[in-house]
Amino acid sequence: MSGVACLAQTQAPWASCGASWRHQRRCVAQAARPSESRGGDQQQKPRASRLVPSAQAARQQAPQAVQSAPVPETEVPPSRVPPLNKEEMSRTVRAVILAGGETKSPLTKYRAMPAVPLGSSLLMVDVPLNNCLVSGVNKIYVLTQFQSHTLNSHIAASYPPMKFGGPDQQAWVDVLAAQQTVTEREWYQGSADAVRKNLGELRDEARGVTPARDYIILSGSAVYNMDMARLVAFHREKNADVTIAMHAVSEDDARGKGIAQVHPSSCKVMRFVEKPSADDLHTLRRDSAKAQPGSEYLANMGIYVFKREALFRLVDRPQLVHIGHHVIPNALAQEMKIYAYQHDGYWHDVSSLKDFFETNLDLADPDALMGAMDHMTGRKGSCLPPATMHGADLDRVIVGDGSVLVGCKISNSVLGECTYVGRGTRIEHSLVLGNGAYTNDSIREEARETGKIVYGVGENCYLRRCVVDENASIGNNVQIINKSGVKEADRSEDSGFMIQDGIVVIMRNAVIPDSVVI
């Protein structure tokens, strides 16, 4: 297991007590027979989306497409730029993770999307944090606002500040929660507004450290693996004011994203259109030599590198609310140097329940990510016993620590920590996010006798294409299969479940009685 933080070439102990992604994947069981296909879901291209949707009023404040004059330049492919060393990254780069946006999902009723469990031992926010830390960026700010308590507590417990010498040898992951001050009375209105309201902290003037040369601004709700040291090296090689990480997408996915027209050799951004119309989209198609099927357009990943002076200059204007809608077009209008860094690895933005569902199933499929997430480490030590399995038949399953599986059959699924599954139960293409405490047969029997809630999934149940949120109790002989094929429904108050995009979600702390069919 590799460490995740570097402090002047010294490994920080943040990762020493966490559960590693590689440890999770040791629990992936491969059956001798081929597993059942997920149908169309497995073949879909990873999708992208914006972190914070733009308000209609804000959208009118900046032009949707701005063009800068192309400048002949020498080609410097991103893959050929050597990454910066970790000491340089630690000393001169800061990261800002945007984790405050509201998401319309049943899983965000009690917490923000970056605080939703991912796999069996991570939270969503651990992904951008790991990508920064393994690249040497260990001075990080997390901007929170919506349903932030779980997220704030997780960061405070899992990423305590570190210091191994002088000011530049410090490391921190600081939460910058939305607040009212003597000069700011409103909450964050968008991504750029959130950064603007924290410029005082981002300057690091009170810490005594070397001022940052560049700032990485990234979403807290995406799953990917990127070498930030190579991204920043490309940014500096180009002497860019702003570099945008981009991913190739299909025409269908491009309609709701920020799409750029990029010079094929210099990587300079010539046009940028947020959510282009059909007419604009046609003009943004990539060069025919590079536009392979399913990758005809370059979409904004919501990951940016700003030169220090450019960031403070661009966001220090209240009318520029969103980075994609307003800041980037404004920078192009000023003929600033904007470049695109194309990321060709796995990436899936998680802005909806369907995105979250598909991403987790990808984690359980060794062929989908090809080991790209094996280094991911997160969450503080929980001192749980290893997963216990008696007569269980597993195929492409991630199983969290402390789980107990008895005589069940599970395929293409993810089970969080302390998940219990009883005898005769089948689970297919589903996510069970686990429980807050360990349970087994004897603990469940004692709870049943004393009238307490019996956590876990009971006996002879059938779960298919569903999400079971944390601390749910599912009785015996229950079927959660969306029998009627409903696309959207909200029964959270009276029956403890919702349906979104045809996916059934058993709500957090819900109790589903015996023999219920959903």
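Over all alpha-carbon pairs in the range 379-512, figure out the percentage whose distance exceeds 26 Å. Before the final figure, lay out the partial values.
Numbers: 1529 of 8911 pairs.
Within the range 379-512, distances greater than 26 Å cover 17 percent of Cα pairs.
Between GLU186 and SER265, what is 0.36 nm times their sequence separation minus the Cα-Cα distance? Round to one decimal in nm.
Details: separation 79, 0.36 × 79 = 28.44 nm, distance 4.34 nm.
Stretched out fully, the GLU186 to SER265 stretch lengthens by 24.1 nm.
In order along the range 447-455, phi translates into HN-Hα couplings of 5, 5, 5, 9, x, 8, 5, 9, 6 Hz, rounded to whole numbers, per the Karplus curve 6.51 cos²θ - 1.76 cosθ + 1.60 with θ = phi - 60° and x for Gly and Pro.
Using the per-residue mean of other Cβ atoms lying within 10 Å as a proxy for protection, in what order, highest first, do the peptides 383-391, 475-483 fall? Present the calculation step by step, with values, prior to reporting the outcome.
Numbers: 383-391: 13.6, 475-483: 17.7.
Descending packing order for the listed peptides: 475-483, 383-391.
Distances between placed amide hydrogens fall under 5 Å for LYS337 paired with ASP241, VAL242, all partners being 5 or more residues away or on another chain. Distance between the 7 Å Cα→Cβ label points at LYS487 and ASP168: 5.8 nm. Between ARG255 and VAL511, the FRET efficiency from the beta-carbon distance, with R0 = 60 Å, is close to 0.90. Set the Förster distance to 25 Å, then compute FRET efficiency between ARG285 and GLN334 from the Cβ-Cβ distance, nearest 0.05. According to the calculation, E is roughly 0.45. Of all lysines in the structure, the ones whose alpha carbon falls short of 29 Å from that of LYS257, not counting any fewer than 8 places away in one chain, are LYS45, LYS104, LYS109, LYS197, LYS238, LYS268, LYS275, LYS290, LYS307, LYS337, LYS354, LYS487. For VAL404, the residues whose amide H sits under 5 Å from its own are THR388, THR419, TYR420, VAL421, ignoring neighbours fewer than 5 places away on the same chain, with H placed 1.01 Å from N.
By how many nm would the segment from ASP316 to ASN239 lengthen if fully extended, with 0.36 nm per residue of separation less the alpha-carbon distance? Mind showing how you got there, number by number?
On the way: separation 77, 0.36 × 77 = 27.72 nm, distance 2.16 nm.
In short, 25.6 nm is gained.
The alpha-carbon atoms of the range 281-331 define a convex hull whose volume equals 110 cubic angstrom per residue. Shown in residue order for the range 420-432 are the 3J(HN,Hα) couplings computed by the Karplus curve 6.51 cos²θ - 1.76 cosθ + 1.60 at θ = phi - 60°: 10, 10, x, 5, x, 8, 10, 10, 10, 6, 9, 10, 10 Hz (x for Gly and Pro).
For LEU199, put the label point 7 Å out on the Cα→Cβ axis and report which residues of the range 329-367 keep their amide N under 18 Å from it. What the label zone holds, given the 18 Å backbone N cut-off, is 329-332, 334, 336.
Applying 1/(1 + (r/R0)^6) with R0 = 22 Å to the Cβ-Cβ distance of ASN460 and ASN440, what FRET efficiency is obtained, to the nearest 0.05?
Numbers: r = 18 Å, r/R0 = 0.83.
After rounding, the FRET efficiency stands at 0.75.
Close amide-amide hydrogen proximity is noted between VAL468 and LEU431, VAL432, LEU433, ILE506, each under 5 Å apart and 5 or more residues distant or on a separate chain (H modeled in the peptide plane; Pro and chain starts excluded). Across the range 385-398, in residue order, what do the Karplus-derived ³J(HN,Hα) couplings come to in whole Hz, using 6.51 cos²θ - 1.76 cosθ + 1.60 with θ = phi - 60° and x for Gly and Pro? Ordered by residue, 3J(HN,Hα) equals x, x, 4, 10, 10, 10, x, 8, 10, 10, 9, 6, 9, 9 Hz.
Among 276-283, 506-513, sorting by the average number of other beta carbon atoms lying within 10 angstrom of each residue, highest first, gives 506-513, 276-283. One decimal place: the segment ASP367-ALA156 gains 72.5 nm when fully extended, by the rule 0.36 nm per residue minus the C-alpha distance.
Where a number appears in this text, it was derived from the coordinates with a stated rule and is not lab data. Values in this document were obtained by computation on a predicted structure and should not be read as measured data. No Cβ is skipped: glycine too gets one built from the backbone with ideal geometry, and neighbour counts run over all protein chains shown.
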